Amino acid sequence: GIILWNELLIEGWTDLNEVHHEAPLADLLPSALTFKLALPTEPFFLCGGPLGLLLVFRNDCSFGRYKDAFHHWEVACSSLGNMILMAASSGTSNVEGVKQLSAASWAVVRTLQHEVSGGFDTTYAEDLKKNMPDEQQVQRLLSARNKLHRSHYDVHRAVDAFSEDISNLDKRTIINTFNNVATACAECERLYMTPIPLLYTRHTLKFLTLWMAFMPFAFYDVFATSWNHTGMIPAICIICFLFFGIEEIAVSLEEPFSILPLNELVEEFQENAQETIEWMEEEHQASTKEAPMGIDN
């Protein structure tokens, strides 16, 4: 539009043989409307610095949220996994108790995923009924006002179920490990409930949109040496792609739980917990087979 206006009404145009032609529509409009669509480049240089700072700070905040979300999720999963390992290797023979602890720990991870997924997690109840053996525990969890807090309570109950089979030191270690899980879950909820202020996001997007919308007016004279100023078209397209791409990255990282592979992380935790139970059952079966042999000898 800028090129057509300036060449058809103001400056004229150049054909493929490099012959310049006068503006064919210059006499159709009154003199008040025959003005050149162009702007100086100095204001864009002045605004480029503040815009760059806004984009840098926004991406830095968004990446910080993504990094913190992944860190706290890993802390929660690794601490729960270590807690199951400590319970299984503590010398207790209560396999069912460790299974209950494993199921309750998986429920914490799955419930945390449900809480930070908004209303997009539609398989939560089905997954609980499928993977948890106690139906009453599932119903209590589904009917709880604060499901994540209820899942924490179930873990404490699972620890108490076999606390007589382990030492007080092992029990305190398990509880202290679970305290790290509770803290990590609280941090994940905080990140989900407190996004970057909407005013900051909107102002950055408005600033960038206005800056890019008026950029072609400044580029018209910059590309005066190109054929009919057409060199400004790919330049504007590339710059828009790069700058709005930076903005899109910030928008994606702002909600880290929407891009983290939570399904894969939950499945990996469940598989690790099941392997731990299998190792414990194998050792328990091996010890029960060795005991009669020792008596016969």
Quiz prompt | Net charge contributed by nearby residues that have their C-beta within less than 15 Å of Thr194 (K/R +1, D/E -1) | solution = -4
Quiz item: Relative contact order for the stretch 149-297 using alpha-carbon pairs under 8 Å, separation at least 6, rounded to a whole percent?
Solution: 16
Exercise. Take each complete run of DSSP H in the chain, measure how far its Cα atoms stretch along the helix's own axis, and keep only those covering 24 Å or more with mean Kyte-Doolittle hydropathy at least -0.5; list them.
Key: 42-88, 95-115, 168-193, 198-222, 232-254
Quiz prompt | Accessible area per residue, Å², the chain with all protein chains present, probe 1.4 Å | solution = 58
Quiz prompt | For the chain, convex hull of alpha carbons as volume per residue, Å³ | solution = 212
Quiz prompt | Listed residues Thr183, Thr123 arranged by accessible area, highest first, probe 1.4 Å | solution = Thr183, Thr123
Quiz item: So what's the gap between the Cα centers of the stretch 108-143 and the stretch 19-94, to the nearest angstrom?
Solution: 34
Quiz item: So for the stretch 29-69, what percent of the C-alpha to C-alpha distances run longer than 12 Å?
Solution: 72
Quiz prompt | In the chain, lysine pairs closer than 20 Å at Cα, eight or more apart or cross-chain | solution = 5
Quiz item: For the chain, which span is the longest to avoid every loop-located (per DSSP) member of trypsin sites (Lys or Arg not before Pro) having at most 16 other Cβ atoms inside 10 Å?
Solution: 146-297
Exercise. Assuming 1.567 mPa s and 4 °C, estimate D for the stretch 163-294 with Stokes-Einstein, Rh taken as the Kirkwood radius over Cα pairs, in µm²/s.
Key: 60
Quiz prompt | Cβ-based net charge around Pro50, under 14 Å, with every Lys or Arg adding one and every Asp or Glu removing one | solution = +2
Practice problem: Treating only the Cβ atoms of Lys and Arg (+1) and Asp and Glu (-1) as charged, compute the dipole magnitude of the chain about its Cα centre; round to the nearest 20 debye. | Solution: 1100
Quiz item: Of His21, Gln274, Leu112, which is farthest along the charge dipole of the chain in the positive direction, counting Lys and Arg as +1 and Asp and Glu as -1 at C-beta?
Solution: Leu112
Quiz item: What is the dipole size for the stretch 1-151, taken about its Cα centre, with +1 at each Lys and Arg Cβ and -1 at each Asp and Glu Cβ, in debye to the nearest 20?
Solution: 1440
Exercise. Express the Stokes-Einstein translational diffusion coefficient of the stretch 29-144 in µm² s⁻¹, to the nearest whole number, given a Kirkwood radius over alpha-carbon pairs, 10 °C and a viscosity of 1.306 mPa s.
Key: 82
Quiz item: Can you put Trp227, Trp73, Trp5 in order of accessible area, largest first, using a 1.4 Å probe?
Solution: Trp227, Trp5, Trp73
Quiz item: Can you give the charge dipole size of the stretch 112-251 about its Cα centre, rounded to the nearest 20 debye, using +1 on the beta carbon of Lys and Arg and -1 on the beta carbon of Asp and Glu?
Solution: 360
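The values are calculated or read from the model by the stated rules, or taken from the named source; none is laboratory data. Note that the coordinates shown come from a computational prediction; the quantities given were computed from them, not determined experimentally. Positions of Cβ are backbone-derived with ideal geometry, glycine not excepted, and every protein chain shown enters the neighbour counts. Just so you know, the surface numbers come from the protein's heavy atoms only, side chains and all, with ligands and any DNA or RNA stripped out. Shrake-Rupley method; radii C 1.70, N 1.55, O 1.52, S 1.80 Å.
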